[in-house]
1. From the list LEU252, LEU245, which residue is among the aliphatic types (A, V, I, L, M), under 23 Å from LEU378 (Cβ atoms) and in contact with a strand residue (DSSP E or B) (Cβ under 6 Å, 6 or more places away or on another chain)?
2. Among the numbered criteria (1) buried (at least 21 other Cβ atoms within 10 Å of the Cβ); (2) part of a helix (DSSP H, G or I); (3) not hydrophobic (A, V, I, L, M, F, W, C), which single criterion is violated by ARG371?
3. Quick check on my filter: what residues within the stretch 331-350 are surrounded by fewer than 14 Cβ atoms within 10 Å (Cβ to Cβ) and either free of Cβ contacts under 8 Å to residues at least 60 places away in the same chain or touching a helix residue (DSSP H, G or I) at 6+ places or on another chain (Cβ under 7 Å) (or both)?
4. Here are CYS101, CYS90: which of them is hydrophobic (A, V, I, L, M, F, W, C) and within 20 Å of the chain's Cα centre (by Cα)?
5. Out of the helices (runs of 4 or more DSSP H) lying entirely within the stretch 97-183, which hold 1 or more residues that are under 22 Å from CYS26 (Cα atoms), among the basic types (Lys, Arg) and at pLDDT 95 or above?
6. Filter the stretch 196-243 down to the residues that are among the hydrophobic types (A, V, I, L, M, F, W, C) and part of a helix (DSSP H, G or I), then identify the one that is surrounded by the most Cβ atoms within 10 Å (Cβ to Cβ).
7. Based on this model, can you work out whether LEU246 counts as open to solvent by 10 Å² or more (accessible area, probe 1.4 Å), under 19 Å from the mean Cα position of the chain (by Cα) and within 18 Å of ALA176 (Cα to Cα)?
8. Touching a Phe, Trp or Tyr at 6+ places or on another chain (Cβ under 7 Å) and either part of a loop (DSSP other than H, G, I, E, B) or among the β-branched types (Val, Ile, Thr) (or both), is that true of VAL287?
Amino acid sequence: MTSSEDGAHQLDTVLLKVASRCNLDCSYCYVYHMGDNAWRDQPKQMSDAVLDAVTRRLADQYALQAAPFSVVLHGGEPLLLGAAKLERFCAKLRDALPHPCGIHVQTNGALLNEPIIDVLVRYDVGISVSIDGPQDVHDRFRVDHRGKGSYAQVRAGIENVTARVDARPLLAGVLAVIDPESDPAEVYAALKALGAPGLDILPRDGNWETLPFGKTAPGTTEYGRWLEGFLDSYLSDPEPPRVRLLDDMLRLVLGGRSIKEGVGTTDYGILVIEPDGTVDKNDTLKVAGAGEDRFGERWSVLTDSFDQILRSPAFANYYRQQRPSAAACQFCPDLAICGGGMVAHRWSEKRAYDNPTIFCADQRHLIAKMRRLVEAALPHAA
């Protein structure tokens, strides 16, 4: 639920950009390789003074909305903070946000060493690691600044976590960006072998002006067919991990609700805090163009409360933008499941966000497969 009784929006997720730089140079990264160079103007790391302001604002918002939310340490690469600074940050955040508020880190995994893991264990920080599958798939795009593959370091970081009884429960999952030219069955097997309880998969970013890698035209289904193959592997596995995207979509096909942005028609209150304390929209909007993730009004945790921002007309417009406006979406029988996809993937120069997602054909291909499976499993269902 993201609105209080007086109509004010609530906070669901805060992406805390504690570092603006990264130790890897993944070729598809929307932060560094999609034409928005705002990261160059940010401090390399968030200062303690900015963090102090963030924690005060977060504590105030938690007390005000009386509903838990999640804070995700993000970047760049958040573990570039190092163990000592990470400890200061986690201690302050946990003091401001007791359970049931969640604190998580989204990391490329290469820096998951013992001192870092000690800190994450001490403050009960969930860990999600980006890894794209087997080594040949991962190393094709997820390279360091010398162009060398990062698989070995990332795999070692994950194993450092899973080898520890106290740390293993913190590994929430692994996140893979889809290479539609890879074998989905091989990717599924490689991700499952890592031992994480959950997997998530994301399409490569793109829009109507810049097609996603591997997609030859808006109406083709390269990603839909890849996801169909991944679904087949998942459903044939007698002991599968969770797969967030597929679980959400299958739940929606059965009439349930999604639990994360990107599918379904549940809306979420998401804000990004930059290293200098600036408050921005979801940073995936960089995919649509430089500056698309910025509010017209420049807010900062140093001067503005979250409540002030969440009550503003600018935030209300941003929040409503999650629902697709294109006429084709409004009359689509699959809207309740796909939800119009990610906002950034709807962009075109001519119509701005008033388009279906560039992955519309892919989504509908996968949804049709899921409907057939459900109908075959529940032949007497209404």
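1. LEU245
2. Condition not satisfied by ARG371: (1).
3. Residues satisfying the conditions are PHE331, PRO333, LYS350.
4. Going through CYS101, CYS90 in turn, the sole match is CYS101.
5. The helices (runs of 4 or more DSSP H) meeting that bar are 135-141, 151-162.
6. At the first step, the residues of the stretch 196-243 found to be among the hydrophobic types (A, V, I, L, M, F, W, C) are 196, 199, 201-202, 208, 211, 213, 217, 226-227, 230-231, 235, 243.
Subset that is part of a helix (DSSP H, G or I): 226-227, 230-231, 235.
On the way: TRP226: 23, LEU227: 27, PHE230: 24, LEU231: 21, LEU235: 14.
Checked the stretch 196-243; the qualifying residue surrounded by the most Cβ atoms within 10 Å (Cβ to Cβ) is LEU227.
7. Details: open to solvent by 10 Å² or more (accessible area, probe 1.4 Å): no; under 19 Å from the mean Cα position of the chain (by Cα): yes; within 18 Å of ALA176 (Cα to Cα): yes.
Considered against the rule, which asks whether it is open to solvent by 10 Å² or more (accessible area, probe 1.4 Å), under 19 Å from the mean Cα position of the chain (by Cα) and within 18 Å of ALA176 (Cα to Cα), LEU246 comes out as no.
8. Considered against the rule, which asks whether it is touching a Phe, Trp or Tyr at 6+ places or on another chain (Cβ under 7 Å) and either part of a loop (DSSP other than H, G, I, E, B) or among the β-branched types (Val, Ile, Thr) (or both), VAL287 comes out as yes.
The values are calculated or read from the model by the stated rules, or taken from the named source; none is laboratory data. Note that the structure is a prediction, hence the values are computed from the model and not measured. Quick reminder, even Gly has a Cβ in these numbers, built from the backbone with ideal geometry, and neighbours come from all protein chains shown. Just the protein is used for accessible areas: all its heavy atoms, side chains included, with ligands, DNA and RNA removed. Shrake-Rupley method; radii C 1.70, N 1.55, O 1.52, S 1.80 Å.
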